[in-house]
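Visitor: I am attaching a structure below and will ask some questions about it afterwards.
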Amino acid sequence: VAEILTDWTETYKEYGALWQMQDVREPHAATTTSNEHVSAYFLSENITARPSLVVEIVNTALLPHAGSEELVPDWVFTYAPYGLFVASACANTLGAQQGYVKPADNYTTTYDVQPGDEVLVVSDDLYSGGSLKKTIGSMQQMGAVVLPYVFTLANLSGDSHLDGRKILAGAHIPVERYPGDDCAMCDGGSEPLAPRPNWERLQSHEIPGSSE
Ligand SMILES: [Zn+2]
């Protein structure tokens, strides 16, 4: 039986949540959290603002791949802030509890996770995976059993796995990624822009110096 894969890339573009570089001369995105320069960016709040859409994505991209009923986790965990809406949709759909870690507090949580509890870790998006890894580490420190897959709305890591865990995603977005201080796109003359304050400019795909 062929696996039916649902890809939400076009929907993400329709809602203005996904920018993808179309020309090497247009600006590219400089992420602030991991200091990486990337050729695609996902503005997750344009999707997480729509809870019924998030539930639809979870139903098509997580549920068919999340294994059988006995694999229902005790918890769905994420990190603040935007992941909360994804965790909520997942927990509601799976019938699990939900919780989150605070990046500002060294990825700790006040939720009552017990040793042996099974935890699914999710996020709104995934670039380097640093925050997801820290969330997983935090759960493991509490003695929880982290499931062998993670879920995210948009996987922009270019990888199929994160530390051996399969990445389930609403969309797997191909992306060029470079360290901020050694970027081939910068070297090629493309301007790096912080994506959130420059979202409209990025979405315009305007090439500097060319009129019309
Ligand atoms: Zn760059």
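Visitor: Over the chain, what is the mean sequence separation of C-alpha contacts under 8 Å (at least six apart), divided by residue count, expressed as relative contact order in percent?
Guide: 26
Visitor: Using the Kirkwood radius built from alpha carbon pairs, what does the Stokes-Einstein equation give as D for segment 54-114 at 4 °C and 1.567 mPa s, in µm² per second? Walk me through the intermediate numbers first.
Guide: Working: Rh = 12.1 Å.
This corresponds to a translational diffusion coefficient of 107 µm²/s.
Visitor: Separate question: Using Cα centres only, tell me the gap between segment 95-142 and segment 145-212 in whole Å.
Guide: Segment 95-142 and segment 145-212 have Cα centres separated by 23 Å.
Visitor: Let's test the formula: R0 of 35 Å, r as the Cβ-Cβ distance of GLU118 and TYR15. What FRET efficiency results, to the nearest 0.05? Show your work: numbers first, answer last.
Guide: Numbers: r = 33 Å, r/R0 = 0.93.
According to the calculation, E is roughly 0.60.
Visitor: With both partners inside segment 1-100, how many of the DSSP beta bridges are antiparallel, as a percent to the nearest 5?
Guide: Values: 5 of 9 bridges.
Around 55 percent antiparallel, to the nearest 5.
Visitor: So, R0 is 25 Å and r is the distance between the beta-carbons of SER160 and ALA49; what FRET efficiency does that work out to, to 0.05?
Guide: Working: r = 28 Å, r/R0 = 1.14.
So the FRET efficiency works out to roughly 0.30.
Visitor: On the accessible surface of segment 162-212, probed at 1.4 Å, how many percent belong to carbon and sulfur atoms? Show your work: numbers first, answer last.
Guide: Numbers: 1430 of 3110 Å².
Roughly 46 percent, rounded to a whole number.
Visitor: Report the extension gain between GLU176 and HIS65 in nm, rounded to one decimal, defined as 0.36 nm multiplied by the number of residues separating them, less their alpha carbon distance.
Guide: Values: separation 111, 0.36 × 111 = 39.96 nm, distance 2.69 nm.
Result for the pair: 37.3 nm of gain on full extension.
Visitor: Would you mind putting 170-176, 199-205 in packing order, based on average other-beta-carbon counts within 10 Å, highest first? Each step should come with its number before you reach the end.
Guide: Numbers: 170-176: 20.0, 199-205: 14.6.
In decreasing order of mean packing, 170-176, 199-205 become 170-176, 199-205.
Visitor: Can I ask one more? With an 8 Å cut-off on Cα pairs and a minimum separation of 6 or more residues, tell me the relative contact order of segment 81-172 in percent. Before the final figure, lay out each step's value.
Guide: Details: 145 pairs, mean separation 22.6, N = 92.
Relative contact order here is 25 percent.
Visitor: Around VAL121, with a cut-off of 14 angstrom between Cβ atoms, what is the net charge of the other residues, counting Lys and Arg +1 and Asp and Glu -1?
Guide: On the way: positive: LYS133, LYS134, ARG165, LYS166; negative: ASP74, ASP117, GLU118, ASP124, ASP125, ASP163.
Taking every Cβ under 14 Å from that of VAL121, the sum is -2.
Visitor: Using a 1.4 Å probe, what is the accessible area per residue for segment 29-134, in Å²? Each step should come with its number before you reach the end.
Guide: Details: 4670 Å² over 106 residues.
Counting only protein heavy atoms, the per-residue value for segment 29-134 is 44 Å².
Visitor: With Cβ to Cβ distances under 10 Å as the rule, what net charge do the other residues near TYR107 carry (K, R +1; D, E -1)? Mind dumping the intermediate values first?
Guide: On the way: positive: LYS102, LYS133, LYS134; negative: ASP105.
Once positives and negatives cancel, what remains is +2.
Visitor: Of all chymotrypsin sites (Phe, Trp or Tyr not before Pro) in segment 65-133, which ones are in loop regions per DSSP and have a Cβ with at most 15 other Cβ atoms within 10 Å?
Guide: Numbers: sites: TRP75, PHE77, TYR79, TYR82, PHE85, TYR100, TYR107, TYR111, TYR127; in loops: TYR82, TYR107, TYR111, TYR127.
When the chymotrypsin sites (Phe, Trp or Tyr not before Pro) of segment 65-133 are filtered for loop state and at most 15 Cβ neighbours within 10 Å, TYR111 remain.
Visitor: Also: Report P(r) for the chain: all Cα-Cα distances, bin width 10 Å, range 0 to the bin holding the largest distance, values in whole percent.
Guide: Bins of 10 Å from zero give 8, 34, 34, 17, 6, 1, 0 percent of pairs.
Visitor: Can you list the cysteines of the chain that have no other Cys Cβ under 4.7 Å away?
Guide: CYS90
The values are calculated or read from the model by the stated rules, or taken from the named source; none is laboratory data. All values derive from a computational prediction rather than experimental measurement. Here the Cβ is made from the backbone with ideal geometry for all residues, glycine too, and neighbour counts use every protein chain on show. These accessible areas exclude ligands, DNA and RNA; they are computed on the full protein's heavy atoms, side chains included. Shrake-Rupley method; radii C 1.70, N 1.55, O 1.52, S 1.80 Å.
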